[in-house]
1. Please count how many residues of region 11-36 are in contact with a helix residue (DSSP H, G or I) (Cβ under 7 Å, 6 or more places away or on another chain), part of a loop (DSSP other than H, G, I, E, B) and at pLDDT below 95.
2. Keeping to region 271-304, report how many residues are among the small types (Gly, Ala, Ser) and farther than 12 Å from residue 210 by Cα.
3. Pairs needed: first member in region 209-220, within 13 Å of residue 136 (Cα to Cα); second member anywhere, of a type in the set (Asp, Glu); C-beta distance under 8 Å; at least 6 residues apart or different chains.
4. Among the numbered criteria (1) crowded, with 18+ Cβ neighbours inside 10 Å; (2) free of Cβ contacts under 8 Å to residues at least 40 places away in the same chain; (3) over 19 Å from the mean Cα position of the chain (by Cα), which single criterion is violated by residue 27?
5. Given (1) aliphatic (A, V, I, L, M); (2) touching a Ser or Thr at 6+ places or on another chain (Cβ under 6 Å); (3) under 16 Å from residue 207 (Cα atoms), where does residue 282 come up short, assuming only one miss?
6. Within the bounds of region 35-58, is there any residue that is over 23 Å from residue 134 (Cα atoms) and touching a Cys at 6+ places or on another chain (Cβ under 9 Å)?
Amino acid sequence: MRLAVIDCGTNTFNLLIIEVDPNLKYSKIYNDRISVKLGQGSINQGFIDREPYNRGIEALKKFKTDINKYEVTKVLGFATSAIRDAKNGVQFINQIKSETSIEITIIDGEREAELIYLGNKEAVQLTPNTSLIMDIGGGSNEFILANNNGLLWKQSFPIGAARMLEKFNPSDPITGAEISAINNYLAEELEPLIIAAKKYKPSELVGSSGAFDSVIEIICGSFNGEPVCESKTCYEINMDNYNNVSRLITNSSYNERKNIKGLVAMRIDMIVISFIMIDFILNSLNLSKLRVSSYSLKEGALIDYIKSSK
């Protein structure tokens, strides 16, 4: 049996196709990601603008071709923050179904956080100590507190990188005053997380794919760090290397970021905001350990489906 999962995120649309054997063991067949930037220009106004709307439709047509090519048995499709909050979000997924026959389910932030947890739990060996899992999206960020006994707390916050970039519209390069303003905003918005962290006392941050992939890739490309390995699902990050990358990113201009080895083009505009948010969490919660998981929502959705099929 071949399963496909489509994650229609705010910045990127992702496709993952796996083969599932009779014992319900799975292996990756194909994956693709397309930079759609669905929230571009309008995310904080609550609708999908014409150009990103059309980019999204074209991305799903491309995925449909891939799904047919690999003879997929079952497609699981999910839409998150930008689509669930958009006035024309339902229209968008209805048009996808009309033009591609792919059904996309709009999920709320709680379900999104749950699937992210399932993906990260598969990729990262959790311990008796509490870990804080962080997923940076374009529209929302999900935070999960968990250990090897299970999920302790979770919440989705509408402070994704695209929303923050549009809200603060920082200078190029960003100024210290703008970083302070963003940190003050995060302190207000993330108060429920701060309260939960005081209760559960996380000892590390686990970054869930996406922008955190850039941490590994830039350390490798610009600081001669560990290369990305297709079969590896968890990376422990040297904090000196992380701090070097954070300074490099937050002090850079847009044009300078184009030349940073390891930084993929689709993340150049939002990566500064992402690092400011990571820094805020590390500093606010006094965390000195960082691991990066290569799994996120799409892997969690597949794991959830496979387990429910047993």
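1. Of the residues in region 11-36, 2 are in contact with a helix residue (DSSP H, G or I) (Cβ under 7 Å, 6 or more places away or on another chain), part of a loop (DSSP other than H, G, I, E, B) and at pLDDT below 95.
2. Taking region 271-304 and keeping what is among the small types (Gly, Ala, Ser), we get 274, 284, 288, 293-294, 296, 300-301.
Among the residues that remain, those that are also farther than 12 Å from residue 210 by Cα are: 284, 288, 300-301.
So the count comes out to 4.
3. 209/135; 210/135
4. (1)
5. (2)
6. Yes, that holds for at least one residue.
The values are calculated or read from the model by the stated rules, or taken from the named source; none is laboratory data. The structure displayed is predicted, hence computed values, not measured ones. Positions of Cβ are generated from backbone atoms using ideal geometry, with glycine treated the same way; all protein chains shown enter the neighbour counts.
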